[in-house]
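Pasting a structure below so you can have a look.
Readers should treat all values here as calculations from the given coordinates under stated rules, not as data from a laboratory. All figures in this text were calculated on a predicted structure; none of them were measured in a lab. Reconstructed Cβ throughout: ideal geometry from the backbone, glycine too, with neighbour counts over all protein chains shown.
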Amino acid sequence: MTKRFFFISLLGTLLSMTVFASIIKDGTLRADPDGSYIKIRWESDNETGVAKYVLERKAGLNGSFMTLTELAPKGNGSSYQFVDETVFRVSQTIYKYQVKVVFSDGQAPIYYGPITAIPRTSDVRRTWGSIKAMFR
């Protein structure tokens with residue numbers, strides 16, 4: 001009886017560790033404005049059962065999230081990066097990003113984020129045409 005109880009307790013502990021293991025390492029999901037783009041990156045922890053990562057973006061405070069890209073898992077401890085080159089077409093916008101983790105067994109997805117990136121106008125590279133347009 002004691003061995004059976006110990007085995008069941010051990011099995012329950014291992015299962016709960018697997019279910020509640022972090023998929024994206026805490027503190028690694030970042031969105032950094034840099035020049036004419038925003039670089040989104042994160043590091044994985046435990047990718048067991050992950051089918052794909054879906055990176056989503058929302059522009060402004062009231063918009064809805066749209067899919068930017070889907071990335072296949074590369075294995076535990078991997079680094080991921082996506083460069084969003086379309087964000088500076090609209091200035092003075094707050095961008096929010098989130099990562100949706102989709103599982104291969106069909107369980108409900110898990111969301112990480114949202115994180116916010118606010119482009120600085122000094123980061124926007126100006127073309128000669130855009131500079132001339134400011135003085136018209």
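Where the centroid of each part is defined by its Cα atoms, how far is the stretch 20-50 from the stretch 65-85 in Å?
8
Here's a follow-up. Between ALA72 and THR28, what is the spin-label point distance in nm, taking each point 7 Å from the Cα along the Cα→C-beta axis?
Those two pseudo-labels are separated by 2.0 nm.
Right, here's the next one. Could you sort the peptides 44-54, 108-118 by per-residue average Cβ neighbour count (10 Å cutoff), highest mean leading?
In decreasing order of mean packing, 44-54, 108-118 become 44-54, 108-118.
Using +1 at the C-beta of Lys and Arg and -1 at the C-beta of Asp and Glu, which of VAL83, TYR111, GLY49 has the Cα lying farthest in the positive direction of the dipole of the stretch 22-121?
Checking the options against the dipole of the stretch 22-121, the answer is VAL83.
Name the residues whose placed amide hydrogens come within less than 5 Å of the amide hydrogen of LEU68, ignoring near sequence neighbours (fewer than 5 apart) on the same chain.
Under 5 Å from the amide H of LEU68: LEU55, GLU56, ARG57.
Normalised by the number of residues in the stretch 22-121, what is the relative contact order in percent for Cα pairs under 8 Å and 6+ residues apart?
31
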